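Written below as structure tokens is the structure these notes are about.
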Amino acid sequence: MSSEYVGRIPASWTLLELADVCSKVTDGTHKTPDYQQDGVRFISIKNIKPFQPIDWSAYERFISEDEHRELIRRCKPEYGDILFPRIGTLGYAKRIDFREEVSIFVGLGLAKPIRELVLPEYLEYWLNHPAIDKLSRERANGSGRLTLPLEESKKLPVPMAPLAEQARITERLDELLSDLDAGISELKAAQRKLAQYRQSLLKAAVDGTLTADWRAAQGKPKETGAELLQRILKERRARWEQKQLAKFAEQGKSPPKGWQAKYLEPAAPDFSKLPSPPDGWTWATVEQLAELASGHTPKDAGLFADRNGDVPWFKVGDMNTAGNEEKLLVSSVKFTKEHAKELGLKVVPADTIVFPKRGGAIATNKKRRLSASAAYDLNMMGLVSAPSAADWLWAWFQGVDLAKLSDGSNIPQINNPDIAPLTLPIPPASEQKEILEQLAQALDNASTQEEAIAKMLQQSAAQRKNLLKAAFSGQLVPQDPNDEPTSVLLARIRAERESGATTTAKKRGRKAKEKM
């Protein structure tokens, strides 16, 4: 018994195991069902989340009546039963609060409470207790995708209060947690509004709405957006020529005659298909402002990794590392300059915009800028911008939905032709400066609000844990000396069951004799 996880409980309580308070603890089917368009509804791990109603919209599947009958011979979920995950994210539970027939998947466990001993609501709250989360992880198998064996599920501890006190505890938790959940819903709604505000702000910044009054007050700019674009294009060509000269020098060769003619001018936008931009603005394509650079994953790259290396090498997962929320600062792998060159890594400069180009990570829509010269793996793509366009391109690109650019195949992918022809407006440099200053201030304010909301959500999660801890240590509601102690109730139920089992056995014996 894991009493150290439960802590001290009142004298009228009894510490039992999940199997003691349930008529059955089992799991679902051990094979992938034959899904179809209609039939009997099927519950998966994806349908249940901590402290939330069962979400059918997230993952609604059906199986045939015949397959359902086969499955319920093993496990028939019913109203009041408790579902809990045994694979993946562990340590929470959800009570079945509907009466239709369903089947359940292998990753879910099912506990059928003994109603004379434990209220389903009480057991559901307990299985969401932090102690169950910790204990489930410790008893699980595996290091990545955890699996809690069914036998270990049955041994999970349950601090049993008297039935009357269980009712008082669940009633009080219902009251307190419903208020807490209402507050959390409001906070999450505020989060969504801030996310929408960010997108509206970015749109207003790049379509000229944000600085419409400022632009009218300033009059004609010294350099128009079209003139700025021509300056950027000259910078782009100059960078290409410098690279070519550096290659010739490295090879010990003199530049051949006509080498500059090999430069490919980037395609300009089709202005006939674009709306008229604000006064002084123009349109450009991404490839006019930036070089597209896909990443590279060399064979046996890990053999050359050097923690003291000069060249960071980023993977998509590094976008989630603390400190890498906007600029990539911390890399899991580094190389020396010599090894980076030997491996053929493409090292790009600071401020290059990078993003996922392959797989499910595209849907996260995450974009980052490099804090220093670095390389990245083949699952990422970069936009190496002209210096004069770097900040503006970053502001515009934050509003781009990467998922809409992917090719829609089984493994989503973004290729150069998906990015290069995208068009964006180019304001004069003076207006860019004003836009970026206003945008930075507004986004900073939004970030401050987002951080405050995130902190309040953390506090709400901590408050939920504290309420559950108080409830199951006997501190949330007072004990009543007139309540029947759990030990007495348990002894009476066992005696009644044993008596019932004996009576059933005698009846079977008499019937057997009669047949003889």
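The values are calculated or read from the model by the stated rules, or taken from the named source; none is laboratory data. Owing to the predicted nature of the structure, the values given are computational and were not obtained by experimental measurement. Cβ sites come from the backbone with ideal geometry, for glycine too, and all protein chains shown count toward neighbours. Heavy atoms of the whole protein, side chains included, go into the accessibility calculation; ligands, DNA and RNA do not. Shrake-Rupley method; radii C 1.70, N 1.55, O 1.52, S 1.80 Å.
One table, with the values for the structure above:
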item: Å² of accessible area per residue within the stretch 70-144, as computed with a 1.4 Å probe and no ligands counted; result: 39 Å²
item: Solvent-accessible area, 1.4 Å probe, carbon plus sulfur percent, for the stretch 240-312; result: 51 percent
item: Greater than 23 Å apart at Cα, pairs in K134/K469; K203/K367; K262/K357; K299/K366; K46/K94; K193/K469; result: K262/K357; K299/K366; K193/K469
item: Vicinal HN-Hα couplings computed from phi for the stretch 422-429 (Karplus, 6.51 cos²θ - 1.76 cosθ + 1.60; Hz; Gly/Pro x); result: 4, 9, 9, x, 10, x, x, 4
item: Neighbour-limited loop hits for chymotrypsin sites (Phe, Trp or Tyr not before Pro), the stretch 232-284 (at most 16 other Cβ within 10 Å; DSSP other than H, G, I, E, B); result: Y263
item: MRE, 222 nm, helices only [DSSP H, n ≥ 4, -39500 (n - 2.57), over the chain, to nearest 500]; result: -13000 deg cm²/dmol
item: Other-chain or far-sequence residues with amide H under 5 Å of T224's (modelled H); result: none
item: All lysines inside 24 Å of K257 as judged from Cα atoms, apart from same-chain residues fewer than 8 positions distant; result: K234, K243, K247
item: Reach of K404 by Cα under 16 Å, taken over aspartates and glutamates that are not fewer than 8 positions away in the same chain; result: D418
item: Approximate spin-label separation A491-T32, in nm, with each point projected 7 Å along Cα-to-Cβ; result: 5.4 nm
item: Nearest-ten-degree value, helix 163-206 long axis tilted from longest Cα axis of the chain; result: 10 degrees
item: Solvent-accessible area, 1.4 Å probe, carbon plus sulfur percent, for the stretch 2-142; result: 45 percent
item: Neighbour net charge for L490 - beta-carbon separation under 15 angstrom, K R +1, D E -1; result: -4
item: Beta bridge orientation in the chain: antiparallel %, DSSP, nearest 5; result: 85 percent
item: Straight-distance crosslink candidates among aspartates and glutamates, where the alpha carbon sits under 14 Å from K154 and sequence neighbours closer than 8 are dropped; result: E17, D20, D27
item: Degrees, to the nearest 10: 130-139 long Cα axis against longest axis of the chain; result: 90 degrees
item: Relative contact order (%) - criterion: Cα under 8 Å, at least six apart; region: the stretch 269-410; result: 28 percent
